[in-house]
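K.L.:
The following block contains the structure, expressed as C-alpha cells.
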C-alpha cells in the first residue's frame, strides 16, 4: 500500500485508510474487519470518542494492542455525552480535551495517539487555548500530531493562521466538490494534508440506487451513475474510481471509506492497484457533476 506523509509531521499513512465509524457494535465482526484491513495493507485507522459512546475505540484498541507500533491511529475529541446517554454537546474546552484524551488512551489500550483531531469547530471556540492544549499534549508525547475535522472554510483558515496542524479531515468526493472551490489548494500550498471522508458519497458512487444527495437530484444522479461507467476499467470499478478521484488532488493524503463487511473492505483496498486518473479524466469527471459551493461558514 502506498504511504503518504501527513502534512509536515513524521507520520506516514496508507493512502487508503479505514473509517471506523461503520464498524457497528458486533465485536467479532468488527475485529474481523479491522484485522483483515491490516492484513491487506491498511495502516491508518480513524475512530472517535463519540462513536458508539467509546465502544468503537475499544474495538480498535483490542484489535491492535499487540501490533500498536505497526499502525497509525487517529481519534477525535470535542463532543461530550449528556447525562441522558442519548445526546451530546459541543465542548472544545482545554479541560475536556485533557480529560478526553486520557479516556481515549484507556479505551484504545495505548499510551500515545498518533493523530488527535478536534471533532468539529466554530469561530466561537477558544481556538488559541485549544491549540496550546494540543501542543502541550504533543510535547508530553501523548499525541504525535494534531488536526481538525471540519468542513467550514472560515474555521479551517483560522487554524491555518494560528496553528501547526498536520491535517484537516473533510467530506470530499465527486458529488461533494465544495472543498475544491475554497480550501484544497490552500491546504496543499501550506503543506497540510487532507483526510477525505465520504469519498464514495454513501455508496452513490458505487452500486447504491440513485437518490437525492446535497444539491444533486435523483434524476441527475441516475444519469451520472450511468456516465461513470465510461470511466470504469477491468481493474477500476465505480467505487474504486471514486477513491482515485479524491486521491487525485495533491492535498489529499488518504481516503477513509467505511466498510461494514469484508466485500466492501476488499473492494476499497483493491483501489490501491487501480490506475490513477489522468488530468483529462479528472476534468471529464468534473463536467459530469457541477460543483456546489459552501453557502455558510465561508
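K.L.:
Restricting to DSSP H runs of at least four residues, report the calculated mean residue ellipticity at 222 nm for the chain, -39500 (n - 2.57) per run over all residues, nearest 500 deg cm²/dmol.
P.N.:
Working: 11 runs with 112 residues, N = 298.
-11000 deg cm²/dmol, from helical runs alone.
K.L.:
Using only the alpha-carbon atoms, how far is helix 27-39 inclined from the longest principal axis of the chain? Give it as 0 to 90 degrees, nearest 10.
P.N.:
It works out to around 70 degrees.
K.L.:
Something else now. Which length gain, in nm to one decimal place, applies between residue 124 and residue 295 when the Cα-Cα distance is subtracted from 0.36 nm times their residue separation?
P.N.:
On the way: separation 171, 0.36 × 171 = 61.56 nm, distance 1.88 nm.
Difference between extended and current length: 59.7 nm.
K.L.:
Same structure again: With both bridge residues required to lie in the stretch 14-121, what share of the DSSP beta bridges run antiparallel, to the nearest 5%?
P.N.:
25 percent
K.L.:
Another question about this same structure. Is the shape of the stretch 113-155 best called rounded, prolate or oblate, per the rule: a/c under 1.5 gives rounded, else a/b larger than b/c gives prolate, else oblate, with a ≥ b ≥ c the square roots of the Cα gyration tensor eigenvalues?
P.N.:
Details: a/c = 3.47, a/b = 1.67, b/c = 2.08.
Oblate, since a/c reaches 1.5 and b/c is not below a/b.
K.L.:
Right, next: What share of the DSSP beta bridges in the chain is antiparallel, in percent to the nearest 5?
P.N.:
Antiparallel bridges make up about 25 percent of those DSSP assigns within the chain.
K.L.:
Compute a Gaussian network model of the chain, connecting alpha carbons closer than 10 Å, and tell me which residue from 231, 44, 18 fluctuates the most.
P.N.:
231
K.L.:
Could you give the nm distance between label points at residue 138 and residue 278, where each point is 7 Å from its Cα heading toward the beta carbon?
P.N.:
If labels sit at residue 138 and residue 278, their model points lie 4.1 nm apart.
K.L.:
Now for a different question. What is the calculated FRET efficiency for residue 227 to residue 248, with r their C-beta to C-beta distance and R₀ = 30 Å, to the nearest 0.05?
P.N.:
With a Förster radius of 30 Å, E is 0.95.
K.L.:
How tilted is helix 238-247 with respect to the longest principal axis of the chain? Cα atoms for both, answer in degrees (0 to 90, nearest 10).
P.N.:
Value to nearest ten degrees: 60.
K.L.:
Measure nothing fancy, just the Cα-based angle from helix 279-288's long axis to the longest principal axis of the chain, in degrees from 0 to 90, nearest 10.
P.N.:
Helix 279-288 sits at roughly 80 degrees to that axis.
K.L.:
Still on this structure, I have one more. For the stretch 137-296, give the share of DSSP beta bridges that are antiparallel, in percent and rounded to the nearest 5; count only bridges with both residues there.
P.N.:
The answer is about 20 percent antiparallel.
K.L.:
May I ask you to compute the full-extension gain from residue 70 to residue 190, defined as 0.36 nm times their residue separation minus their alpha-carbon distance, rounded to one decimal in nm?
P.N.:
40.4 nm
K.L.:
To the nearest Å, what is the center-to-center distance of the stretch 25-57 and the stretch 184-220, using C-alpha atoms only?
P.N.:
Between the Cα centre of the stretch 25-57 and that of the stretch 184-220, the gap is 22 Å.
Laboratory data are not the source of any read-out in this text; all were calculated from the coordinates shown. Keep in mind that what you see is a predicted model, and the values were worked out from it rather than measured. In this analysis, Cβ positions are derived from the backbone assuming ideal geometry, glycine residues included, and neighbour counts consider all displayed protein chains.
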